[in-house]
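Chemist: Let me give you the structure first, and then I'll get to my questions.
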Amino acid sequence: MFIVTWLWRLLLLAIMLIGLSAGTLYYGVTQPIMIDEPIIYEVKPGYTTTRIGSQMAARGWIHHSLLMKVASRLNPQLVLKVGEYELTPQMNIIDVLNKLDSGDAVHYRVTLLEGKTTQEYLEALSGQKNIEMTLSGLSSIEISKKLDLPYPNSEGMFFADTYLYYKGDTDATILLRSHKKLLEELEEAWGKRNKQTPLKNSYEALVLASIIEKETGAAFERPLISKVFVNRLRKNIRLQTDPTVIYGLGRQFDGNLTRAHLRAKTPYNTYRIFGLPPTPIANVGQESIDAAVSPGQTDALYFVAKGDGTHAFSRTLREHNNAVAEYQRFKRRADYTSSPKQQ
């Protein structure tokens, strides 16, 4: 009888201890983690709940690393996703694990500006410091081949916009998303094009859009600049636009466009060739694409920079020469600029 009594007492004690332990564990995994402000925690490849628990305990965020292991047993389907996650003071250990399982990692932003070349886009991506660069050092042609783009040259093949990405994403992944968006926007715009356009296809529209982008300082002028180029294309007059010459010169251009440059034999010198250059000269956004496929209304064949980012448009060569004399010779502004202001 004495032994039976002690056995019951031991069983009761064991039950109490188990209950106490369970209560302690429950309290541990349901109480807020010990941080005072939102923090970023990174899950790297190969991380386990044991490793995460050890790290968080070492940093004083949780009482014991075992709590993380216990909490993970409550969700047998848990799969840790690589990435950076924001943890807040209101979260408990269960919340933390659910966050790491969700894949809802911290997003970063990168803005690819209008009028920039593909190489300048790579520089912008590299400047983020948390993007894996896989295309650095490649030419525009090599980039097109590596990304399997539909044209042999990648110049102009990316849509200027702001993109979200995760730390560790590659430059190729981001640019492919940008390319996909370009194709979508370009084809939609081409479907709404002015049916009288001399442009043969959407790629030619993209080439023209890139020239419009580089020539435009004031956004409202894009349709007018587009119409000037369309008028010249219809009349088989050379486009004679400086940005194409500069693009064709590449590293030879030192910032000062000379008469010798205008005579240079390159596929992009629109002072020598008729029609459009072979590829875009920059990447563009929606406004320049829209202007290329739906030009404004003007009979002008010429325009000259006034020096304030806008242009004077002329129908005849005489009017144009007078405008050149007025804005670039006799009344040249002290702060004159012939190029659109860079963003």
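Chemist: Of the conditions (1) out of contact with any Lys or Arg (no Cβ under 9 Å at 6 or more places or on another chain); (2) in contact (Cβ under 8 Å) with a residue 12 or more places away in the chain; (3) of a type outside the set (Ser, Thr, Tyr); (4) not in a loop (DSSP other than H, G, I, E, B), His63 clears all except one; give me its number.
Modeler: Looking at each condition in turn, His63 falls short on (4).
Chemist: Restricted to the range 212-227, and to residues that are at pLDDT below 95 and of a type in the set (A, V, I, L, M), which residue is surrounded by the fewest Cβ atoms within 10 Å (Cβ to Cβ)?
Modeler: Ala219
Chemist: OK, next. What residue, among those in the range 275-308 that are closer than 15 Å to Ser226 by Cα and among the hydroxyl-bearing types (Ser, Thr, Tyr), is nearest to the chain's Cα centre (by Cα)?
Modeler: Ser288
Chemist: Just one of Thr270, Thr244 is of a type in the set (Ser, Thr, Tyr) and outside any helix (DSSP H, G or I); which is it? So that I can check it myself, show each step before the final result.
Modeler: Values: Thr244 fails: outside any helix (DSSP H, G or I).
Exactly one residue qualifies, and that residue is Thr270.
Chemist: Kindly indicate whether any position in the range 269-278 is out of contact with any Cys (no Cβ under 8 Å at 6 or more places or on another chain), among the hydroxyl-bearing types (Ser, Thr, Tyr) and farther than 24 Å from Phe158 by Cα. If you could, list the steps in order and put the result at the bottom.
Modeler: Taking the range 269-278 as the starting set, the residues that turn out to be out of contact with any Cys (no Cβ under 8 Å at 6 or more places or on another chain) are 269-278.
Narrowing the set further to residues that are among the hydroxyl-bearing types (Ser, Thr, Tyr) leaves 270-271.
Still in the running and farther than 24 Å from Phe158 by Cα: 271.
For the range 269-278, residues out of contact with any Cys (no Cβ under 8 Å at 6 or more places or on another chain), among the hydroxyl-bearing types (Ser, Thr, Tyr) and farther than 24 Å from Phe158 by Cα: present.
Chemist: OK, next. Within the group Gly156, Gly191, which residue is outside the structural domain of Glu213 (by TED's automatic domain parsing) and under 12 Å from Tyr121 (Cα atoms)? Break it down into steps so the answer makes sense when it comes.
Modeler: On the way: Gly191 fails: under 12 Å from Tyr121 (Cα atoms).
None of the others qualify; the one that does is Gly156.
Chemist: Output yes when any residue across the range 237-250 is touching a residue at least 60 places away in the same chain (Cβ under 8 Å) and touching a Leu at 6+ places or on another chain (Cβ under 8 Å), and no when none is.
Modeler: Yes, because at least one residue in the range 237-250 is touching a residue at least 60 places away in the same chain (Cβ under 8 Å) and touching a Leu at 6+ places or on another chain (Cβ under 8 Å).
Chemist: Can you name the residue in the range 309-327 that is part of a loop (DSSP other than H, G, I, E, B) and either in contact (Cβ under 8 Å) with a residue 60 or more places away in the chain or not assigned by TED's automatic domain parsing to the domain that holds Ala218 (or both) and is also nearest to the chain's Cα centre (by Cα) among such residues? Spell out how you get there, then give the answer.
Modeler: Going residue by residue through the range 309-327, those that are part of a loop (DSSP other than H, G, I, E, B) are 309-310, 315-316.
Cutting the leftovers down to either in contact (Cβ under 8 Å) with a residue 60 or more places away in the chain or not assigned by TED's automatic domain parsing to the domain that holds Ala218 (or both) gives us 309-310.
Details: Gly309: 26, Thr310: 28 Å.
Per the stated criteria, the residue is Gly309.
Chemist: Please specify each residue of the range 72-91 satisfying the condition of being in contact with a Ser or Thr (Cβ under 6 Å, 6 or more places away or on another chain) and in a helix (DSSP H, G or I).
Modeler: In the first step, residues of the range 72-91 are kept if they are in contact with a Ser or Thr (Cβ under 6 Å, 6 or more places away or on another chain); the result is 72, 78.
Hit for the range 72-91 is Ser72, nothing else.
Chemist: Identify the residue in the range 127-138 that is surrounded by 14 or more Cβ atoms within 10 Å (Cβ to Cβ) and under 18 Å from Asn283 (Cα atoms) and, among all such residues, is farthest from the chain's Cα centre (by Cα).
Modeler: For the range 127-138, the residue satisfying everything is Leu138.
Chemist: Another question, if that's okay. Restricting to the range 30-60, count the residues that are in a loop (DSSP other than H, G, I, E, B) and on the phi < 0 side of the Ramachandran plot.
Modeler: The first filter runs over the range 30-60 and keeps only residues in a loop (DSSP other than H, G, I, E, B), leaving 31, 33-38, 44-48, 59-60.
Pick out the ones that are also on the phi < 0 side of the Ramachandran plot and you get 31, 33-38, 44-45, 47-48, 59.
Selection size over the range 30-60: 12.
Chemist: So which of Glu142, Glu184, Glu188, Glu155 is over 10 Å from the mean Cα position of the chain (by Cα) and either buried (at least 18 other Cβ atoms within 10 Å of the Cβ) or among the small types (Gly, Ala, Ser) (or both)? Can you show your working first?
Modeler: Values: Glu142 fails: either buried (at least 18 other Cβ atoms within 10 Å of the Cβ) or among the small types (Gly, Ala, Ser) (or both); Glu184 fails: either buried (at least 18 other Cβ atoms within 10 Å of the Cβ) or among the small types (Gly, Ala, Ser) (or both); Glu188 fails: either buried (at least 18 other Cβ atoms within 10 Å of the Cβ) or among the small types (Gly, Ala, Ser) (or both).
Just one listed residue meets the conditions, Glu155.
Chemist: Answer with yes or no whether Ser202 is under 24 Å from the mean Cα position of the chain (by Cα), of a type in the set (S, T, N, Q) and either over 12 Å from Pro277 (Cβ atoms) or surrounded by fewer than 21 Cβ atoms within 10 Å (Cβ to Cβ) (or both). Outline the logic, then answer.
Modeler: On the way: under 24 Å from the mean Cα position of the chain (by Cα): yes; of a type in the set (S, T, N, Q): yes; either over 12 Å from Pro277 (Cβ atoms) or surrounded by fewer than 21 Cβ atoms within 10 Å (Cβ to Cβ) (or both): yes.
Yes: the conditions hold for Ser202.
Chemist: Another question, then. I'd like to know if the range 81-88 contains one or more residues that are in contact with a strand residue (DSSP E or B) (Cβ under 7 Å, 6 or more places away or on another chain) and small (Gly, Ala, Ser). Explain how you work it out, then say what you get.
Modeler: Of the range 81-88, the ones in contact with a strand residue (DSSP E or B) (Cβ under 7 Å, 6 or more places away or on another chain) are 81-87.
Applying the additional criterion that residues be small (Gly, Ala, Ser) yields 83.
Within the range 81-88, one or more residues are in contact with a strand residue (DSSP E or B) (Cβ under 7 Å, 6 or more places away or on another chain) and small (Gly, Ala, Ser).
Chemist: Hey, any hits in the range 118-131 for a residue that's more than 16 Å from Tyr165 (Cα to Cα), of a type in the set (S, T, N, Q) and not assigned by TED's automatic domain parsing to the domain that holds Thr170?
Modeler: The answer is no; no qualifying residue exists.
Chemist: Does the range 78-127 hold any residues that are touching a residue at least 60 places away in the same chain (Cβ under 8 Å), farther than 30 Å from Val207 by Cα and touching a Gly at 6+ places or on another chain (Cβ under 6 Å), and which are they?
Modeler: So the first thing to find is which residues in the range 78-127 are touching a residue at least 60 places away in the same chain (Cβ under 8 Å), and the list is 82-84, 92-94, 96, 105-106, 110, 112-118, 121.
Retained after the next criterion (residues that are farther than 30 Å from Val207 by Cα): 82-84, 92-94, 96, 105-106.
Passing the criteria: only Ala105.
Chemist: Could I ask something else about it? Let me spell it out: the conditions are (1) surrounded by fewer than 16 Cβ atoms within 10 Å (Cβ to Cβ); (2) assigned to a helix (DSSP H, G or I), and Leu233 meets all of them except one. Which number is the exception?
Modeler: With respect to (1) surrounded by fewer than 16 Cβ atoms within 10 Å (Cβ to Cβ); (2) assigned to a helix (DSSP H, G or I), Leu233 is out only on (1).
The values are calculated or read from the model by the stated rules, or taken from the named source; none is laboratory data. Keep in mind it's a predicted model, so treat the numbers as computed, not measured. Glycine gets a Cβ as well: all are built from the backbone with ideal geometry, and neighbour counts include every protein chain shown.
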